[in-house]
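Structure, as structure tokens:
Every number in this text was worked out from the coordinates using simple rules, so none of it is lab data. None of these values were measured; they are calculated from a predicted model. Cβ atoms come from the backbone with ideal geometry, glycine included; neighbour counts cover every protein chain shown.
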């Protein structure tokens with residue numbers, strides 16, 4: 001009985017170790033690994049929050065790899081400021097866009113705040129940011145609040 005229990009414990013430990021290393025092994029062998037789908041909500045006008053958002057996105061890209069991450073950042077309310085052309089972080093946002101990160105503007109916020117299309121950096125515009133976020137979650141995206 002003791003031997004069978006020890007054997008089962010060893011198998012369990014081996015299974016846990018193996019599962020934790022599957023992604024590493026897959027990468028080493030060039031096999032496809034899980035694509036992480038994330039929708040991030042951003043609503044802060046504070047430039048310190050903009051810096052935090054940029055750092056969070058970079059951490060996700062480094063952690064998962066550009067090819068394994070589908071990231072959409074929905075900017076609405078005061079978070080629209082990060083998309084304004086005159087924002088000091090606009091060049092960093094555009095750099096992240098070139099790496100495949102999708103920054104999305106909220107049309108409803110643009111109407112409410114009288115922001116014109118030409119006031120923001122080039123990016124897709126969704127009709128309503130919150131609706132977009134909810135629909136993405138319903139379709140399997142993981143929700144993350146961006147900034148702080």
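Of note:
- Test: residue in the range 32-55 that is without any contact (Cβ under 8 Å) to a residue 24 or more places away in the chain, closer than 23 Å to residue 141 by Cβ and out of contact with any helix residue (DSSP H, G or I) (no Cβ under 8 Å at 6 or more places or on another chain): yes
- Pairing each residue of the range 69-88 that is on the phi > 0 side of the Ramachandran plot with any residue that is buried (at least 18 other Cβ atoms within 10 Å of the Cβ), provided the two are 6+ apart or on different chains, yields C-beta distances under 6 Å for 77/43; 77/109.
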